[in-house]
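Asker: Have a look at this one.
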Amino acid sequence: MSHKAVSVYCYLCGRADKNGECYPSVGRIAEDLSLSTCTVFRAFNELGKRDLLERFPRYHPQGGRRSSLYRIKGEITKTNRSKKRGGSVV
């Protein structure tokens, strides 16, 4: 898993409530971590593929989008953080 995905995960954990949920905007996450919004979205995809994060869209009652709700689903472990490089696990 990329270091940037780990950074996004830690950021969301730090903002999560007792249910493991938070809803900062992508722009806020990107600004606070000095990342681009595209990098934040790539991190979401990485975390989702590893079953560490769920993301739910939210909408205003009058229509229009709000920041998504993020739910932390698991913890980063050596097993789910590793990726193979050249046949060996890093």
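Computed from the coordinates by the stated procedures, all read-outs in this text should not be read as laboratory data. This is a predicted model, so every value here is computed, not measured. Note: ideal-geometry Cβ built from the backbone for every residue, glycine included; neighbour counts use all protein chains shown.
Asker: Remind me, relative contact order of segment 3-78 in percent, using alpha carbon pairs under 8 angstrom and six or more residues apart?
Answerer: Dividing the mean separation by the residue count of segment 3-78 yields 35 percent.
Asker: Relative to the longest principal axis of the chain, what angle (0 to 90°, nearest 10) does the C-alpha long axis of helix 3-15 take?
Answerer: 40 degrees
Asker: Have a look at segment 3-78 and give its Rg and Dmax from the Cα atoms, expressed in angstrom.
Answerer: Answer for segment 3-78, Rg first and Dmax second: 12.1, 44 Å.
Asker: Here's a follow-up. 222 nm [θ] for the chain, helices only, -39500 (n - 2.57) per DSSP H run of 4+, per residue, to 500?
Answerer: -12000 deg cm²/dmol
Asker: While we're looking at this one, here's another question. How many lysine pairs in the chain, separated by 8 or more positions in sequence or lying on different chains, have Cα atoms less than 17 Å apart?
Answerer: 8
Asker: Further, regarding this structure: Taking the number of other C-beta atoms within 10 Å as the exposure measure, put 13, 22 in order starting with the fewest.
Answerer: Values: 13 16, 22 19.
Least to most surrounded, the residues fall as 13, 22.
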